[in-house]
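The values are calculated or read from the model by the stated rules, or taken from the named source; none is laboratory data. Predicted model only: the values in this text are computed from it and were never measured. Methodologically, a virtual Cβ is constructed for each residue, glycine included, from the backbone with ideal geometry; neighbour enumeration extends over all protein chains shown. These area figures cover heavy atoms from the full protein model, side chains too; ligands, DNA and RNA do not enter into them. Shrake-Rupley method; radii C 1.70, N 1.55, O 1.52, S 1.80 Å.
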Amino acid sequence: MLLEDYADVLIHGRVHVSPKRLIEPGPSAEQKKRMLESAKAAPDHGRNMPWHFIEICESSRSRLGSVFKECLLERDPQASPIELQEAHDKALRGPLLLLAVAKLGITPDGVSEHEKMISLGCAIQNILLSAHALGFGSGLSSGKAITSQRLRQLFKLPPDEYPICFITIGTVSKNKSGSGLRPDLSAYHSIF
């Protein structure tokens, strides 16, 4: 297969997979390292590395689940025990769970927050494509708890760092039909 064909298959073959459908086995330590190292190939004006990824290991998942549960209870004091358990269990999904964090502090070179967010987006996409190339499914998730003070405190984030989304990676338990639908080029391209 030609390199450009491989890139096309890789880019257009990757689809979002719900964390509910990502199961063991997850990536090995070497595969995880390859995925995470792909992030450093993202565009990075000023070489600020305006992002980092926090891996949530198995022993920390329950603490994250408790934060999800507490955040739901703050938003909805009438949440049922089932809803609270579902909120907690979101932290337990998928073999590999990462939190993508944007580092948006002022830098001497004046790189804008927008550029830093683009760099983070590219780093995330590199991880997703790397996971796909290694045969894993992946999905992004956020939810209302992502902006909570409780979540910031759990991860001890300084004031200029912002949790953006979770990345879940694992083996796809079942494919969802229609998940590969993409918009037509005319929906997002114009000529000036």
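Observations on the model:
- Phi angles across segment 159-172 convert, under the Karplus curve 6.51 cos²θ - 1.76 cosθ + 1.60 with θ = phi - 60°, into 3J(HN,Hα) values of x, 9, 10, 10, x, 9, 6, 9, 10, 10, 9, x, 7, 6 Hz, Gly and Pro given as x.
- Between amide H atoms placed 1.01 Å from N, distances below 5 Å from residue 165 occur with 100, all of them 5 or more places distant or on a separate chain.
- Whole-percent carbon and sulfur share, accessible surface of the chain, 1.4 Å: 57
- By average C-beta atoms within 10 angstrom, highest first, the peptides 87-97, 70-80: 87-97, 70-80
- Listed residues 5, 44 arranged by accessible area, highest first, probe 1.4 Å: 5, 44
- Dipole magnitude for segment 1-79: computed about the Cα centre from +1 point charges on Lys and Arg Cβ and -1 point charges on Asp and Glu Cβ, it is near 220 debye.
- Karplus-derived 3J(HN,Hα), 6.51/-1.76/1.60, for each residue of segment 9-15, Hz, glycine and proline x: 5, 5, 5, 7, x, 6, 10
- Based on Cα contacts under 8 Å between residues 6+ apart, segment 12-144 shows a relative contact order of 46 percent.
- Charge-dipole axis of segment 21-111 as Lys and Arg at +1 and Asp and Glu at -1 on Cβ define it, positive-most pick from 22, 110, 46: 46
- Taking segment 82-192 and dividing mean pair separation by its residue count, relative contact order in percent (alpha carbons under 8 Å, at least six apart): 39
- Near residue 51, the amide H atoms lying under 5 Å from its own belong to 103; only residues 5 or more places off or on other chains count, and H is placed 1.01 Å from N.
- Neighbourhood net charge (11 Å Cβ-Cβ; Lys/Arg +1, Asp/Glu -1) for residue 174: +3
- Orientation-averaged projected area, Cα convex hull of segment 1-88 (nm²): 9.6
- Computed helical MRE - 222 nm, the chain, DSSP H runs ≥ 4 contributing -39500 (n - 2.57), nearest 500: -12500 deg cm²/dmol
- Here the Karplus relation 6.51 cos²θ - 1.76 cosθ + 1.60, evaluated at θ = phi - 60°, turns the backbone of segment 31-43 into coupling constants of 5, 4, 4, 4, 4, 5, 5, 5, 4, 5, 8, 5, x Hz, with x for every Gly and Pro.
- Most to least packed among 7-13, 35-41, 98-104 [average Cβ atoms within 10 Å]: 98-104, 35-41, 7-13
- Against the criterion of solvent-accessible heavy-atom surface with a 1.4 angstrom probe, 83, 58 sort, most first, into 58, 83.
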